[in-house]
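Below is one structure, written out as structure tokens; the observations come after it.
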Amino acid sequence: MSFEIIPNVYSVGVKHPELTKFDIVVPTPGTTYNSYLVVGEKIALIDTVGDKFFPEFIENIKSIIDPSKIDYIITQHSEPDHSGSLKQLLKVAPNAVVLLSKPGSMFIRQQLNEEFPHRIVADQETLDLGGKTLRFITAPFLHWADVLFTYIEEDQVLFSCDAFATHYPEWDQLKTPLEPDFSLYYQAIMSPFAPYIQKAVAKVIDLPIKIIGPSHGPILTDHPKDYVLRYKEMSQPKEVSPYVVVAYASAYGYTKSLANSIIDELSPHIEVKVFDIENDVRSEIVESINNAKAVLFGSPTFNQDAIEPIWFLMASLSAIINRGKVAAAFGSYGWSGEAVELMSQRLKGLKFNVLPGVRAQFSPTVEDLANAQELARLVLAKIKPSES
Ligand code: FEO
């Protein structure tokens with residue numbers, strides 16, 4: 001299905017209402033892959049769709065123009081839900097030049113595995129299509145390294161790639177309440193990139209914007225600037241008092257003894273937020289970790305490994321938000337005791353500043369508890385150097 005959004009600007013994307021998980025892990029009620037055709041004296045197509053949707057996509061384009069007349073294919077983002085049809089499209093649009101960012105050019109080459117006609121565009125560069133002037137705005141790390149926004153100056157339309165998008169299988173903003181899906185999308189996909197969102201929002205906040213055309217879900221025709229302001233608000237650094245998170249699970253109370261030693265040592269000096277990783281809500285633990293000064297993870301060793309909830313928790317942590325944050329692992333074990341080392345390795349992979357962990361065989365001895373207290377003092381020294 002194609003339709004005109006405003007004169008000479010068309011939606012030619014496809015719907016995917018059957019999708020239940022995006023990027024394998026993000027639950028979604030379905031989505032759309034949005035693509036836009038901008039027709040001036042020259043013709044530009046903004047993004048494509050996933051490769052399996054190409055037959056429907058090309059029919060949408062053909063309902064408006066002959067694909068061989070496309071002059072430019074603007075690849076705002078190289079994730080294959082938007083670039084997957086590019087290879088097939090170039091075969092029927094042999095005159096098209098692909099316009100994209102520098103990292104995008106590398107990623108697309110690795111996807112096509114062949115040379116392709118392209119030109120790298122710079123931040124704020126403009127392109128006159130004849131009647132429509134496109135301005136390119138780089139917005140890296142929303143949520144990949146290569147992201148461009150495209151703005152039609154005459155029409156005040158902003159094509160915003162994955163930003164301001166919603167996974168919802170509908171294009172008409174007025175036919176669906178955007179919440180909670182708009183916020184859920186932000187939390188799942190954009191929130192790890194908050195500092196980059198702040199930079200991107202600063203680039204567009206003062207632009208006159210009548211319409212936002214994101215890459216997924218409804219086209220924002222009703223108060224579009226409100227959604228830019230929502231991103232500004234949601235990506236704002238949180239003003240919180242300093243605290244440390246201790247997140248752990250304990251089967252028989254041995255790991256809990258280590259946790260209590262750590263907590264008792266920390267508490268007189270700094271607020272400690274304690275979480276039960278088996279039963280507390282994971283998103284709340286993650287949110288607390290994101291704003292913590294330091295984090296200590298505790299797990300017993302079962303079957304030569306840390307317990308499953310710790311891996312689910314660590315899989316939810318952002319290396320971008322937590323890079324350099326002080327962290328350590330602790331735990332009791334029966335006879336092999338791999339959990340502390342495995343957790344420490346994972347934390348290093350996530351770019352935390354990892355301190356040596358503390359282990360205890362079965363019930364912690366006085367010496368083990370002293371080691372846990374020493375770990376707490378080391379954490380304090382790292383995060384409050386002037387007071388230790
Ligand atoms: Fe919708 Fe990052 O692709």
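The values are calculated or read from the model by the stated rules, or taken from the named source; none is laboratory data. Just so it is clear, the structure is predicted and the values come from calculations on it, not from any experiment. Here the Cβ positions follow ideal geometry from the backbone for every residue, glycine too, while neighbour counts run over all protein chains shown.
Structural remarks
- Pairs, first touching a residue at least 60 places away in the same chain (Cβ under 8 Å) and under 18 Å from Y185 (Cβ atoms) in the range 205-229, second small (G, A, S) and in a strand (DSSP E or B), C-beta under 8 Å, six or more apart: G213/S11; G213/S160; P214/S160; S215/S160; I219/S11; I219/G213
- Residue count for the range 163-200, restricted to those that are in a helix (DSSP H, G or I), β-branched (V, I, T) and in contact with a helix residue (DSSP H, G or I) (Cβ under 7 Å, 6 or more places away or on another chain): 1
- Unmet criterion (only one of (1) under 23 Å from Y36 (Cα atoms); (2) in contact with a helix residue (DSSP H, G or I) (Cβ under 9 Å, 6 or more places away or on another chain); (3) aliphatic (A, V, I, L, M)) for I211: (2)
- Qualifying strands (runs of 3 or more DSSP E) (wholly inside the range 211-281; at least 2 residues being closer than 19 Å to Y151 by Cβ): 211-214
- Scanning the range 126-137 for residues that are touching a Leu at 6+ places or on another chain (Cβ under 9 Å) and surrounded by fewer than 15 Cβ atoms within 10 Å (Cβ to Cβ) yields T126, D128.
- Taking strands (runs of 3 or more DSSP E) as the structural unit, those lying wholly within the range 105-162 and holding at least 1 residues that are without any contact (Cβ under 8 Å) to a residue 24 or more places away in the chain and touching a helix residue (DSSP H, G or I) at 6+ places or on another chain (Cβ under 7 Å) correspond to 118-120.
- Subset of the range 163-193 [charged (D, E, K, R) and touching a residue at least 60 places away in the same chain (Cβ under 8 Å)]: E170, D181
- Of the helices (runs of 4 or more DSSP H) that lie entirely inside the range 303-370, those containing 2 or more residues that are closer than 30 Å to V26 by Cα and modelled with pLDDT of 95 or more span 308-315, 339-349.
- Considering V49, V38, the condition of being part of a loop (DSSP other than H, G, I, E, B), modelled with pLDDT of 95 or more and not acidic (D, E) is satisfied by V49 alone.
- The set of residues in the range 74-104 that are outside any loop (DSSP other than H, G, I, E, B), within 16 Å of the ligand (Cβ to nearest atom) and either hydrophobic (A, V, I, L, M, F, W, C) or over 23 Å from F141 (Cβ atoms) (or both) comprises I74, L86, L100.
- If you go through the range 151-184 and keep only what is away from the ligand (no atom under 16 Å from the Cβ), buried (at least 21 other Cβ atoms within 10 Å of the Cβ) and over 15 Å from L207 (Cβ atoms), you end up with just Q173.
- Annotation note: Cβ proximity below 6 Å between a residue of the range 69-88 that is without any contact (Cβ under 8 Å) to a residue 40 or more places away in the chain and among the hydrophobic types (A, V, I, L, M, F, W, C) and a residue that is outside any strand (DSSP E or B) and away from the ligand (no atom under 15 Å from the Cβ) (sequence gap 6+ or interchain) occurs for I70/A93; I70/A96; I73/A96.
- Residues located in the range 1-31, provided they are acidic (D, E) and more than 13 Å from the ligand (Cβ to nearest atom): E4, E18
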